[in-house]
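The values are calculated or read from the model by the stated rules, or taken from the named source; none is laboratory data. Everything numeric in this text was worked out from a predicted model, so none of it was measured. Neighbour counts run over all protein chains shown; Cβ positions are idealised from the backbone, glycine included.
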């Protein structure tokens, strides 16, 4: 994982209160419906790892809605519904791909 991403994840994990959710950009606040949670970008049930590069701190509603979907699947789900979060998730996929941080697409090694 690139140093900048590792540092960013460490900071966000240690201080999530008031930080924006990477999926919906709403502030996350512990003890509320916007509780920060650890989200596995590539789901563990599909073989995702516990490494820092496979984790994001996201709000509980977004984590629950993404569930077992991969980021590309979640993007498709959001696009089908005309959800404005699709633009955000698309940019996240692009930035993680450019940084070469584990976005696994079905059919690719």
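Within segment 6-20, the residues that satisfy the criterion of being closer than 20 Å to residue 97 by Cβ and either at pLDDT 90 or above or surrounded by fewer than 16 Cβ atoms within 10 Å (Cβ to Cβ) (or both) are 6, 7, 8.
Every residue in segment 45-70 that is modelled with pLDDT of 95 or more, in a helix (DSSP H, G or I) and out of contact with any strand residue (DSSP E or B) (no Cβ under 8 Å at 6 or more places or on another chain), please. Listed by number, the residues that qualify are 61, 64, 65. Residues being surrounded by fewer than 18 Cβ atoms within 10 Å (Cβ to Cβ), in a loop (DSSP other than H, G, I, E, B) and either modelled with pLDDT under 90 or at positive phi (or both) are entirely absent from segment 87-95. Filtering segment 50-61 to residues that are under 21 Å from residue 99 (Cβ atoms) and crowded, with 16+ Cβ neighbours inside 10 Å leaves 53, 54, 55, 56, 57, 58. Every residue in segment 33-44 that is in contact (Cβ under 8 Å) with a residue 40 or more places away in the chain and part of a helix (DSSP H, G or I), please. Hits for segment 33-44: nothing passes.
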